[in-house]
Each structure stands twice: as C-alpha cells, then as structure tokens.
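Structure, as structure tokens:
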Amino acid sequence: MTATVVDLDRLTAAGVRDGSLAGRSVTVLGLARSGIALARFFVDAGCRVTVYDVRPATELVPGIESLGRRSVELALGPDVEPAGTWAEADLIATSPSINPDFPTTEPRLRAALRTVVDAHLADPSGSPALVSEADLVLRMCPCPTVGVTGTKGKTTTSSLIAALLAGDPVHPVILGGNIGIPLVERMTELTPQHRAVIELSELQLPTLSRGTTVAVYTNVTSDHLDRHGSLEAYRRAKRRLAELVDLNGVLVINADDPVVATYGSLGRAPVVSYRLDRPAAGGLGLEDGWIVASAVERLAVAGGGEAEAGPRGRIMPVAELALPGLHNVSNALAAVAAAMLFGVAPNAIRRAAAGFAGVEHRLERVATVDGVQFINDSQGTQPDAVMAALRAFPRPLVLIAGGRDKGVDLSGLGPVAAERADAAILIGESGPVLAEMFRRHGMTRVELAPSLEEAVARGDAVARDLLEAGAAGSSGPATVLLSPAAASFDMFVDYAARGRAFKAAVAALAEQRRAVGSSR
C-alpha cells in the first residue's frame with residue numbers, strides 16, 4: 001500500500017489548480033454521471049486514474065466516449081476483482097449510489113469497500129480514504145453554498161433558488177449536484193464571489209462530512225426504502241444536511257412539514273422557517289395573497305442585518321408565480337428565503353420568480369393540443385408528489401401512472417386519485433395494482449395500456465370524451481398528466497427517458513392532429 005494517501009482535510013480547489021494532486025493514483029468507482037465527472041476531474045488534475053464498474057464495456061460506451069482522449073485505465077465487467085483496482089491508490093472516489101452501507105451496492109464491492117473504510121479508520125496515513133463526489137465538492141468549494149434536499153420539490157426549489165440568486169449580478173451562480181452537471185468539474189473555476197446551489201439526494205447525504213452554508217428542506221416523507229431499509233433510516237439520512245449546516249450559515253425549514261419542523265434543533269445554526277400561513281418571526285409566509293417576510297436576517301457573508309423587503313414585509317403576490325399547485329407556493333417560499341439570506345433585492349426576487357416556469361419532467365407543460373393540455377411529471381415517482389400534482393390541476397383530468405414499484409406505501413394515493421382524476425391510464429409492472437386500488441376507491445374509468453405511447457393516445461381520447469360530456473362542469477382545457485407513482489426501470493433507463501418519451505408521443509399526436517386538420 002502506498003504511503004502517500006491523499007489528505008482530504010488539506011485539499012482545496014486552489015491547491016488542485018496549483019498541482020497538489022499531480023502524480024497521485026486515484027480509483028473512481030462507477031462510470032455513470034458522477035463517476036465520469038470524477039474521472040475527468042482527476043485526470044485533468046494530473047492524476048493516474050483507474051475506473052471500475054461491474055458492468056461490461058459494451059454497456060458503458062457513452063460513458064467511455066465522454067472521457068474523450070484522457071488517459072484512463074478501465075477496469076470493467078463482472079470478472080474484475082474490485083479490491084485490485086485500488087491496491088496502489090492514494091484515494092478512492094465514488095459515485096453516490098456506491099456505498100458500503102447501502103444494500104443496493106453490488107455485494108462483492110460492498111464488502112471490499114467495508115474493508116477499505118475500516119482500514120482507513122484504523123490507520124488514515126496508510127490506507128486510502130473513500131470520498132464521494134458530493135463530499136469532495138463541499139470540502140473544496142471556495143464559495144458559499146446552498147444545499148437543498150427533501151423527498152419531493154428539491155429540484156424545482158434548487159432551480160428556483162439559482163434563478164433568484166442570479167438577480168444579484170455581482171455574484172455568479174452555479175447549479176448542480178443531483179441536478180445538472182456534477183459540480184466537481186467546476187471547482188477549479190470557482191471563486192469566493194460565486195454562489196453554488198447544490199441539490200442533494202438521500203444517496204449523497206450519508207456520504208457527507210461537511211455541510212453547506214445554507215441548508216434548505218422542502219419536506220421529508222417516505223421514499224427509497226429499498227436502499228435504506230426502513231422509514232427511520234431514510235429519515236436519518238435526510239437529517240444529515242441539518243446536522244452539518246455551517247455554524248455561520250442558516251437552516252431553512254418547512255414549518256408545515258411535521259418531520260422537517262423538528263429539524264430546527266439538530267444543528268447549531270440559526271433557523272428560518274417558512275409556511276403557508278402568516279410568517280413566524282424571522283421567517284416567511286403568506287398574508288393577503290402575498291409572500292411576506294418577517295425580519296429575515298441576511299447572512300454575514302451578505303453583510304448581515306435585516307434583509308430588504310417591501311411595505312409590511314411584502315415580496316410578491318402569490319398569483320404572479322408561474323408554477324402550478326400549492327406545493328409549488330411552498331417551494332417558492334423556500335427559494336425566496338434563500339435569496340433574502342444572500343441579500344437579493346425584493347424587486348429582483350419578484351421578477352425572477354414570476355418568470356420561472358419550472359424544470360423539465362416536473363409538472364412541465366408540454367403542449368396543448370385542441371383543448372387538451374399534456375403535463376410531464378415523470379419525476380413524480382413517490383405518492384406524495386403524485387397527490388400534489390393531482391391537486392395542481394382542475395378537472396377534467398386523466399392520470400397516466402405506473403412503472404416499477406419502489407416499495408413505498410401507496411395507500412394514500414388511491415382516494416386522492418379517485419377524487420381528483422376522472423380517469424387513469426396505467427402502464428408498466430405496477431399498472432394492475434394501481435388499477436385495482438383506484439377502482440376500489442371509486443374511480444370508474446381505468447384502463448391498462450401496453451406502452452407509454454398507447455397511454456398518451458388513450459389519455460387524449462378519454463380527455464376529449466370528458467370535454468364533450470362536460471365533465472365536472474368544465475368546458476376545458478382537459479389535462480392529461482403523466483405522474484407515475486413508480487420508478488421507470490421496467491420500461492426506461494430513467495425518469496428523464498420516460499419524460500422524453502412522453503413528450504415525443506405528445507409531439508407525434510400533435511402532428512397527427514395537424515395532418516388531419518390540413519387534409520380537411
């Protein structure tokens with residue numbers, strides 16, 4: 001074993017720029033999005049890099065190609081012994097899904113990593129450390145950071161925070177983490193003047209040893225029990241960001257969420273709460289149709305003192321938000337809180353929030369075709385997210401759902417779906433189970449479709465039937481909502497591929513409508 005293991009506590013972005021990692025041997029585990037970014041970062045820093053992945057090279061062609069001409073040793077496939085890939089390594093860096101504590105990590109790799117962790121704890125100078133991409137970023141990042149987590153809403157909230165912070169032209173903003181590009185590849189270009197917004201999932205949180213300047217929580221319900229084993233373990237993973245928040249920073253919590261509301265006592269940083277009611281002192285809320293603030297204090301890095309607000313603490317009318325649904329009002333409150341902490345002016349917050357239409361695959365408005373609007377909520381894999389989506393649109397409403405069961409309790413979805421949706425078109429492995437549940441709660445129009453494309457066609461036909469029949473006393477528009485309440489892996493590589501397939505099917509449907517119209 002090499003005696004020159006990397007000391008993570010002394011690693012900085014400036015040091016990497018100056019060559020502190022040159023000549024070091026690094027093993028990267030996993031050749032997916034984060035692993036690719038790690039490999040490129042370490043090669044560009046002058047390291048000798050080995051990449052291990054249990055999948056064969058034939059399944060990793062796009063990832064291999066994305067490394068470009070960088071010199072990387074590839075150790076790929078089920079016949080490779082993982083421990084051998086780091087026998088001479090100074091550091092082991094991992095993709096977020098690879099963790100010795102996750103039962104979903106490949107068993108042989110999991111056991112080998114446990115040995116590495118135990119050896120490093122016994123002798124840090126003689127055994128390489130194990131570091132995740134997210135932890136590496138927070139160790140090196142030279143600028144203030146905003147970490148955003150939650151069971152649902154974190155991508156929308158992260159993206160909106162970045163948009164609001166961009167209202168301050170003095171401080172450039174980058175957005176990454178679980179969304180967009182892995183931030184490790186941006187580290188060497190960042191300065192203390194930047195602001196980094198980082199979406200953090202339950203995969204990344206357990207690997208962190210450092211916190212963010214501001215920690216923002218949307219909500220914590222139930223998800224990913226296959227990985228964490230129990231609801232308590234999942235909640236324990238989610239608490240990590242609150243426990244680690246910077247002492248000179250702020251913890252932003254959703255006072256309406258019964259789990260998140262208890263997090264205020266976990267860290268030692270000040271707390272700013274937000275809620276869909278009159279704001280508590282030092283927090284944000286709603287009053288007379290406005291988002292209002294009650295004496296929110298700016299961060300020290302933003303000059304300290306009370307953040308600027310309009311008369312009676314007003315920031316903007318709720319009606320100006322482009323995002324649909326009450327849950328997105330809550331997300332907007334969280335984002336406005338973060339922007340105020342950094343001293344963004346109220347008028348700049350208002351302009352940016354009013355112009356923010358959302359992010360792809362999260363209540364994304366795809367198209368309206370002859371009075372039927374199509375909404376892509378492919379990221380709605382968890383029942384609470386689907387229920388929020390159902391409540392965001394009036395009837396007539398047709399729900400497209402189904403996929404691979406995530407092992408979470410779906411019982412609460414049945415009555416809400418039956419109340420809010422006029423019909424459901426169900427796909428994938430969980431389609432029959434959802435069909436039985438929806439019928440049991442009184443939904444009478446339930447169909448199974450063999451593909452997403454067929455589901456879009458059937459959803460469109462049903463929506464038009466509902467419009468013609470004057471369903472729910474409405475003349476339109478009708479809504480066809482893809483919000484699956486399930487993972488995508490039975491039919492698609494990920495939720496994004498499922499969302500793109502939905503949009504392609506809608507585009508094909510629109511083209512068919514145009515062709516029919518032009519032929520008349």
Derived scalar couplings ³J(HN,Hα) [segment 277-282; Karplus, 6.51 cos²θ - 1.76 cosθ + 1.60; whole Hz; x for Gly, Pro]: 7, 4, x, 6, 4, x
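When DSSP beta bridges are limited to those with both residues in segment 364-519, what percentage is antiparallel, rounded to the nearest 5? Provide the component values of the computation, followed by the final result.
Numbers: 6 of 22 bridges.
Around 25 percent of the beta bridges assigned by DSSP in segment 364-519 are antiparallel ones.
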Label-point gap, in nm, between Leu11 and Asp465 - each point 7 angstrom along Cα→Cβ: 5.8
Separation in nanometres of the label points that stand 7 Å from Cα toward Cβ, at Asp44 and Asp277: 4.8
Around Ala486: net Lys/Arg minus Asp/Glu count, Cβ-Cβ under 9 Å: -1
Charge dipole (debye, nearest 20) of the chain; +1 at Cβ of Lys and Arg, -1 at Cβ of Asp and Glu: 820
R0 of 41 Å, Cβ-Cβ distance Ala295-Asp494: FRET efficiency to nearest 0.05: 0.45
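What is the sum of charges around Pro317, taking Lys and Arg as +1, Asp and Glu as -1, for the other residues whose C-beta is under 14 Å from the C-beta of Pro317? All intermediate terms of the calculation are to be shown ahead of the outcome.
Numbers: positive: Arg312, Arg314, Arg350, Arg351; negative: Glu287, Asp288, Glu320.
The answer is +1.
Looking at segment 148-302, send over the antiparallel percent of its DSSP beta bridges, to the nearest 5. Can you show the working numbers first?
Working: 4 of 20 bridges.
DSSP beta bridges in segment 148-302 are roughly 20 percent antiparallel.
How big is the dipole moment of segment 8-134 about its Cα centre under a simple scheme where the beta carbon of each Lys and Arg is +1, that of each Asp and Glu is -1, and everything else is neutral? Debye, nearest 20, please. Write out the running numbers ahead of the final one.
Details: 12 positive and 16 negative charges, 60 e Å.
Computed charge dipole of segment 8-134: roughly 280 debye.
Using r as the Cβ-Cβ distance of Ser451 and Thr368, and R0 as 22 Å, what FRET efficiency do you calculate, to the nearest 0.05?
Numbers: r = 23 Å, r/R0 = 1.04.
Efficiency, from the Cβ-Cβ distance: 0.45.
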Cα lying deepest toward the dipole's positive end in the chain, options Val271, Val184, Leu341, charges on Cβ: Leu341
Nonlocal amide H pairs with Val271, under 5 Å, H built at 1.01 Å: Leu251
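Take the eigenvalues of the Cα gyration tensor for segment 8-134, scale each by 5, and report the square roots as semi-axes in whole Å, largest first.
Values: eigenvalues 87, 79, 28 Å².
After scaling each eigenvalue by five and taking roots: 21, 20, 12 Å.
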Length gained when the stretch Val329-Arg236 is fully extended (0.36 nm per residue, less Cα-Cα span): 30.8 nm
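Summing -39500 (n - 2.57) over the DSSP H runs of n ≥ 4 in the chain and dividing by its residue number, what mean residue ellipticity at 222 nm do you reach, to the nearest 500 deg cm²/dmol? Don't skip to the answer; put the middle values down first.
On the way: 15 runs with 171 residues, N = 520.
That comes out to -10000 deg cm²/dmol.
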Ratio of Rg to Rh over segment 364-519 (Cα coordinates, Kirkwood Rh, two decimals): 0.95
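Quick one: length gained pulling Asp79 to Ile64 fully straight, 0.36 nm per residue minus the C-alpha distance? Before the final figure, lay out each step's value.
Details: separation 15, 0.36 × 15 = 5.40 nm, distance 1.84 nm.
Gain in length upon complete extension: 3.6 nm.
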Selected from Ala508, Gln373, Ala242, residue furthest toward positive end of dipole (the chain; charges at beta carbon): Gln373
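Taking the Cα centre of segment 141-354 as origin, work out the dipole magnitude from +1 charges on Lys and Arg Cβ and -1 charges on Asp and Glu Cβ, in debye rounded to 20.
Around 160 debye, computed over segment 141-354.
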Fraction of antiparallel bridges per DSSP, the chain only, in percent to nearest 5: 20
J(HN,Hα) series, segment 188-200, from Karplus relation 6.51 cos²θ - 1.76 cosθ + 1.60, nearest Hz, glycine and proline x: 6, 9, 7, 10, x, 7, 6, 10, 10, 9, 10, 7, 10
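Values quoted throughout were computed directly from the atomic coordinates according to the rules given, and no laboratory measurement underlies them. Note that the structure is a prediction, hence the values are computed from the model and not measured. Backbone-built Cβ (ideal geometry, glycine too); neighbour counts: all protein chains shown.
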